[in-house]
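I have placed the structure first, in the form of C-alpha cells, so that the comments after it can refer back to it.
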Amino acid sequence: MKYVVVGDCVRFGVGQALMLSDSQIAARRHALEDGDKKNKVVVITSVEFKRGEVIGLADKYDDLPRSLSSVLEPESKVDGKPGKPAKSGKPPKAAAGDDDLDALEKALEDAEDAVNAARATHGIPDGAELTDEQCALMAGDLERLRLAKEAFDAAIGE
C-alpha cells in the first residue's frame with residue numbers, strides 16, 4: 001500500500017521492507033539493500049523521508065504502529081497537494097484553545113512512543129542511560145521529544 005508522509009518526517013529502522021521510486025532509492029542507496037522485486041528494498045541503516053514523499057509498505061493502515069500512522073496517510077486519502085491530508089484524513093494541527101493543548105499532548109505522546117520504539121529497535125532497555133553512540137542512533141527521535149516537551153511545557157506555563 002502506498003502512503004504519503006504527512007508529518008514532518010518518518011524514520012524507518014533496520015529490516016523494514018519498503019517500495020520506493022528510483023530517485024528515492026538513488027538518494028538513499030547507502031542505507032538500503034535490494035529486495036526481491038524492482039523498487040523493493042530493505043533498510044540496512046536508519047533512513048528518513050520528508051513530508052510529501054510517497055512510500056510503499058506491505059502493512060495496511062490499520063495495522064501500522066501509532067508512531068507511523070501519526071505521520072503517514074494512505075495515498076488515496078491525500079488531496080492533490082503533497083503532505084496535505086484530505087478532508088477525511090487527519091488534520092495536521094489542532095484549531096485553538098483546548099484543541100491546541102490536546103494536539104501538543106498527542107505530539108508529546110507520539111514522540112515518547114517513537115523514542116521507546118527506537119530504544120526497542122536498538123536493544124536499549126527502558127530507563128538505561130544512553131551512550132553517545134546510542135544518542136547518535138536516536139538523534140532524530142530525541143530531538144522530536146525535546147521539541148514536543150518544550151512546546152507542551154510552554155503551553156501549560158511551565
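The values are calculated or read from the model by the stated rules, or taken from the named source; none is laboratory data. Since the structure is predicted, the reported quantities are computational estimates derived from the model, not experimental observations. When we count neighbours, we look across all protein chains shown, and the Cβ atoms used for this are built from the backbone with ideal geometry, even at glycine. Remember, those area values only see protein heavy atoms, side chains included, never the ligands or the DNA or RNA. Shrake-Rupley method; radii C 1.70, N 1.55, O 1.52, S 1.80 Å.
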>> Every residue in segment 143-157 that is more than 10 Å from residue 104 (Cα to Cα) and either hydroxyl-bearing (Ser, Thr, Tyr) or open to solvent by less than 50 Å² (accessible area, probe 1.4 Å) (or both), please.
In response: 145
> Any residue at all in segment 45-58 that is modelled with pLDDT of 90 or more, surrounded by 14 or more Cβ atoms within 10 Å (Cβ to Cβ) and part of a helix (DSSP H, G or I)?
Replying inline: no
> Across segment 7-49, what is the number of residues that are aliphatic (A, V, I, L, M) and in contact with a Lys or Arg (Cβ under 7 Å, 6 or more places away or on another chain)?
Replying inline: 3
>> Among the residues of segment 117-125, are any outside any helix (DSSP H, G or I) and touching a helix residue (DSSP H, G or I) at 6+ places or on another chain (Cβ under 7 Å)?
In response: yes
>> Anything in segment 126-142 that is of a type outside the set (D, E, K, R), surrounded by fewer than 16 Cβ atoms within 10 Å (Cβ to Cβ) and not in a helix (DSSP H, G or I)? List them, or say none.
In response: 127, 128, 130, 131
